[in-house]
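*Asks:* I have a structure I would like to understand better, so I am pasting it below and will then ask my questions one at a time.
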Amino acid sequence: MKKLVISVVLVNLLAACASEKPKEPVAAPMSAAPAAAPVAEAPAAVEPAAAETAAPVAEIDELNDPDSILAKRSTHYPFDVSVIQEDDKPLVQAHAKYLSEHPERNVRLEGNCDERGSNEYNLALGQRRADGVRKMLQLGGVNASQMTTVSYGEEKPKATGHNEASWWQNRRTDIVY
Amino acid sequence: MLLRAFRSVVGILFLVQASVTNAEMTIEIIGAGEYQVPVAIVPFGGDGKLAQAIKDVVVGDLLRSGLFRMVDAEGMSPHAPAEVSYPEWQKRGAEALVIGTVTAKADGRIDARFHLLDAVKQAKLIDQAVSAEDGQLRAIGHRIADLVYEKLTGDRGVFNTRIAYVNRIETKYKLMVADSDGYNEQVVLSQDSPIMSPSWSPDGSHLAYVSFETGHAVVYVQSLYTGQRKVLADFSGSNSAPAWSPDGKQLAVVLTRDGSSQIYLVRPDGSGFRRLTYTDAIDTEPNFSPDGQYLLFTSDRGGSPEIYRMAIKGGSVQRMTFGEGNNYSPSHSPDGKGFVYTHFTNGKFFIATQDFKTEQMEILTEGGWEKKPSFAPNGKLIMFASEARGRGILATVSSDGRVKQRIFSQSGDAREPVWGPYP
């Protein structure tokens, strides 16, 4: 820690800068966002009682039930952490159960990070987040061939603010059917 | 030598602010070298328009180095040594003087001849012809600036080198190559998917980079001459962080094909993968030492991201960074004596260097959103990604931390810069 100095930081106001737009980083749209699930942060409902969700007649895919825990498809993490948090385990386990009962369904697990860290480190961290979800799904009985993983690192932020509220949204793994 | 007297003024910090601007680009310079050589650049004789353009480039280059200040040449127009009135230049305080002529040939070729004169000793330092194809006017200016810089500082100039970076405008990503001052931008690749981690081949002919165009991270190698490209690594999961060996015969890359992110070697044609690290941790961002014997890399094997070093031929792995915060993105200095990296602490990113002998971290920047540093091939400047006014920009800092510049391109976020080799 020495000579950082250059005490005076002079910022020229040049004509070219005056036309500056205030702020613009825009997130790449989540091209692979699950069509069915805008994933609201609804309180983690208890397993919906089978009796009230559906009459025994028609085959209703639980996946399309917005009140089902299966509607939650993202796990979230603290900074620089890839371990699935306790709060998110029920939803991963629910997807494990569903997928093991529906071997014809496939998922892509997409790991994402906030913008802190290097791009490459975050690519690796996002991969580890996605791999962590895959591992838990596999332990829950899902066939490895039903799953692929991808990391977007910090490259596809869902929220673009430089603050914890945005970062929290970006540190996640999406389970994409 | 002309300019040895300058260390005498210790403790006084000369500050300069200078700006070079045109429609496309704004460059801000902050700070200055301990001593700045007073130099006069006289507009060349011959074609007036070409002369002005060359002068602008030379002045811009020399100012950006922070090691020069411009002496007013108003009312003076010598174009040959015999026309120079040394007493007048001494009165104006010039220690060095650049004069010359420029002409455009019928075939579009541009010929310049310039002299660098020692105004104090009244001696010729350089007398050289520089020429270029049509459209390469800036290259002439950079070449002259390099020669002047080299003569007056003793270090090789880097004004005629190139940089690569990624420009992101909303959801559009462009892999760019530009002159080291950010001008003369050329698009290498343009697409709607992220592009990361460009890496120059040692001869400057190819870029390796990461593209998400197929939906996940794949490493490509592309010729800058033909535009032809090929897949270097495309295994399941992520393929990333390409880094060329100094002899250009192999690259280090990071793959997750065997589990966590690990470092492998591969030939430039995508053959002969060989795994180098064996951990359950993240090992990434490999960077070769100039002698090709070692890799620096980022790993969280100790619990959080830090810089490590390993010999290519195997053996023990040495942790290089300690203390508070995290560290990322190591890149060797061209002389191999140290490295530059990103230091993250208290919510801010800094550009820092470390000398292998002293093992001391030296922070070069004020801190903020500063990432992905790389040295200019002369080791005197470091380029990195920064942020200002809500945008990603390119920035440089001199390796002693004294002189900084920020380069604002026309639009979008500039990311992932990397300085190319000498031409």
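The values are calculated or read from the model by the stated rules, or taken from the named source; none is laboratory data. Small disclaimer: the values here were computed from a predicted structure and weren't measured. All Cβ positions, glycine included, derive from the backbone under ideal geometry; neighbour counts span all protein chains shown. Calculation scope for accessible area: heavy atoms of the full protein, side chains included, ligands and nucleic acids excluded. Shrake-Rupley method; radii C 1.70, N 1.55, O 1.52, S 1.80 Å.
*Asks:* On each of the three principal axes of the Cα atoms of region A:86-177, give max minus min coordinate, whole Å, ordered largest first.
*Replies:* 41, 24, 19
*Asks:* Residues of B:156-164, mean number of Cβ from any other protein chain within 10 Å of their own Cβ, rounded to a whole number?
*Replies:* Details: counts 0, 0, 0, 0, 0, 0, 0, 0, 0.
Per-residue shielding by partner chains comes out at 0.
*Asks:* Now, a different point. Convert each backbone phi in region B:394-405 into a coupling constant with the Karplus relation 6.51 cos²θ - 1.76 cosθ + 1.60 (shift: θ = phi - 60°), then list the ³J(HN,Hα) values in order as whole Hz, x for Gly and Pro.
*Replies:* The phi angles translate into 8, 9, 10, 9, 5, 5, 9, x, 7, 10, 10, 9 Hz.
*Asks:* What does the charge add up to near residue B:117, with Lys and Arg as +1, Asp and Glu as -1, over the other residues with Cβ less than 12 Å from its Cβ? Before the final figure, lay out each step's value.
*Replies:* Values: positive: B:121, B:124, B:151; negative: B:83, B:95, B:118, B:127.
Counting the neighbours of residue B:117, the net charge comes to -1.
*Asks:* Quick one: of B:151/B:380; A:156/B:404; A:72/A:158; A:156/B:372; A:158/B:404; B:55/B:124, which pairs are farther than 25 Å apart, Cα to Cα? Please list the in-between numbers first.
*Replies:* On the way: B:151/B:380 15 Å; A:156/B:404 30 Å; A:72/A:158 16 Å; A:156/B:372 18 Å; A:158/B:404 33 Å; B:55/B:124 19 Å.
Going by Cα-Cα distance, A:156/B:404; A:158/B:404 fall outside the 25 Å limit.
*Asks:* Quick one: 3J(HN,Hα) in Hz for region B:286-292, Karplus 6.51/-1.76/1.60 with θ = phi - 60°, rounded, Gly and Pro as x.
*Replies:* My calculation for region B:286-292 gives x, 8, 6, 6, x, 8, x Hz in order.
*Asks:* Can you report the principal axis dimensions of the protein assembly as shown using only the alpha carbons, biggest first, rounded to whole angstrom?
*Replies:* Extents along the principal axes, in whole Å: 103, 52, 49.
*Asks:* What does the net charge come to around residue B:356 if you take all other residues with beta carbon closer than 10 Å to its beta carbon, with K and R at +1 and D and E at -1? Can you show the working numbers first?
*Replies:* Details: positive: B:309, B:337, B:357; negative: B:355, B:359.
Here the charged neighbours net out to +1.
*Asks:* Counting only other chains, and only Cβ atoms inside 10 Å, what mean value do you get across the residues of A:145-157? Numbers along the way, then the final one.
*Replies:* Values: counts 0, 0, 0, 4, 5, 7, 8, 7, 7, 2, 11, 4, 0.
Mean shielding count: 4.
*Asks:* As an exercise, identify the GluC sites (Glu not before Pro) in region B:53-147 lying in DSSP coil whose Cβ has no more than 15 other Cβ atoms within 10 Å. Before the final figure, lay out the partial values.
*Replies:* Working: sites: B:74, B:83, B:88, B:95, B:133; in loops: B:74, B:95, B:133.
Loop-located and lightly packed - B:74, B:133.
*Asks:* Ok, one more. Among the residues of region B:404-423, which ones have their accessible area go down by 10 Å² or more when all the protein chains sit together, as opposed to their chain alone (1.4 Å probe)?
*Replies:* B:404, B:406, B:412, B:413, B:415, B:416
*Asks:* How about region B:46-133: which trypsin sites (Lys or Arg not before Pro) there lie in a loop by DSSP and see at most 16 other Cβ atoms within 10 Å?
*Replies:* Sparse-neighbourhood loop trypsin sites (Lys or Arg not before Pro): B:92, B:105, B:109, B:121.
*Asks:* Here is a follow-up. If amide H atoms are built 1.01 Å from N in the plane of the peptide, which residues on other chains or at least 5 residues away come under 5 Å of the amide H of residue B:37?
*Replies:* B:68, B:69
*Asks:* Extent of region B:347-423 along each principal axis, from alpha carbon coordinates, in Å, largest to smallest?
*Replies:* Principal-axis extents of region B:347-423 (Cα, largest first): 42, 38, 19 Å.
*Asks:* DSSP loop GluC sites (Glu not before Pro) in region B:350-406 with at most 11 other Cβ atoms within 10 Å of their Cβ, which ones? Could you put the intermediate results ahead of the total?
*Replies:* Details: sites: B:359, B:362, B:366, B:370, B:387; in loops: B:359, B:366, B:370.
Sparse-neighbourhood loop GluC sites (Glu not before Pro): B:359.
*Asks:* To continue, here is another question. Identify which of B:262, B:90, B:36 has the largest mean-square fluctuation in a Gaussian network model of chain B, with springs joining Cα atoms closer than 10 Å.
*Replies:* With Cα springs under 10 Å in chain B, the top fluctuation among B:262, B:90, B:36 is at B:90.
*Asks:* Top mean-square fluctuation among B:349, B:322, B:68, Gaussian network model of chain B, C-alpha springs under 10 Å?
*Replies:* Its mean-square fluctuation being the largest, the pick is B:322.
*Asks:* Using amide H atoms built 1.01 Å from N in the peptide plane, name the residues 5+ places from residue B:45, or on other chains, whose amide H lies under 5 Å from its own.
*Replies:* Under 5 Å from the amide H of residue B:45 lie the amide H atoms of B:100, B:101, B:102, each far enough along the sequence or on another chain.
*Asks:* Keeping all protein chains in place, calculate the accessible area per residue for the protein assembly as shown (probe 1.4 angstrom), answer in Å².
*Replies:* Numbers: 25260 Å² over 600 residues.
Heavy-atom SASA per residue in the protein assembly as shown reads 42 Å².
*Asks:* Now, a different point. So what is the orientation-averaged projected area of region B:5-153, using the convex hull of its C-alpha atoms, in nm²? Please report the intermediate quantities before stating the final value.
*Replies:* Numbers: hull surface 36.7 nm².
Mean projected area of the Cα convex hull: 9.2 nm².
*Asks:* A further question follows. Evaluate Rg over Rh across region B:162-419, taking Cα atoms for both radii and Kirkwood's formula for Rh.
*Replies:* Details: Rg = 17.0 Å, Rh = 18.3 Å.
Result for region B:162-419 is an Rg/Rh of 0.93.
*Asks:* Where does helix B:137-153 land angle-wise versus the long Cα axis of chain B, in degrees 0 to 90, nearest 10?
*Replies:* 80
*Asks:* Of the accessible area of region B:5-153, with the probe set at 1.4 angstrom, what percent is carbon plus sulfur?
*Replies:* On the way: 3320 of 6540 Å².
On region B:5-153, the fraction of accessible area on carbon and sulfur atoms equals 51 percent.
*Asks:* Nearest 10 degrees is fine. How inclined is helix B:48-65 to the longest principal axis of chain B, computing both from alpha carbons?
*Replies:* It is inclined by approximately 60 degrees.
*Asks:* Could you name every residue in region A:122-141 that has 20 Å² or more less accessible surface in the full protein assembly than in its own chain alone (probe 1.4 Å, ligands and nucleic acids excluded)?
*Replies:* In region A:122-141, residues shielded by partner chains: A:123, A:124, A:127, A:128.
*Asks:* Give the average, rounded to an integer, of partner chain Cβ atoms located within 10 angstrom of each Cβ in B:209-222. Working shown, then result.
*Replies:* Working: counts 0, 5, 0, 8, 0, 0, 7, 8, 10, 0, 0, 0, 0, 0.
Taking all residues of B:209-222 together, the mean is 3.
*Asks:* Still on this structure: Whole angstrom only: what separates the Cα centroid of region B:303-353 from the Cα centroid of region A:79-115?
*Replies:* Spelled out, the Cα-based centre of one part sits 33 Å from the other.
*Asks:* From the gyration tensor of the Cα coordinates in region B:107-215, what semi-axes in whole Å does the equivalent ellipsoid have, largest first, with each one equal to sqrt(5λ)?
*Replies:* On the way: eigenvalues 277, 47, 23 Å².
Equivalent-ellipsoid dimensions as semi-axes: 37, 15, 11 Å.
*Asks:* Can you give the FRET efficiency for residue A:135 and residue B:172, using 1/(1 + (r/R0)^6), R0 = 41 Å, r = Cβ-Cβ distance, to the nearest 0.05? Walk me through the numbers before you get to the answer.
*Replies:* Numbers: r = 35 Å, r/R0 = 0.86.
Calculated value: 0.70.
*Asks:* Then there is this: Using a cut-off of 13 Å between beta-carbons, work out the net charge of the residues near residue B:107 (Lys and Arg +1, Asp and Glu -1, residue B:107 not included). Write down the numbers at each step before the final one.
*Replies:* On the way: positive: B:105, B:109; negative: B:111, B:133, B:134.
Within the 13 Å Cβ shell, the charges total -1.
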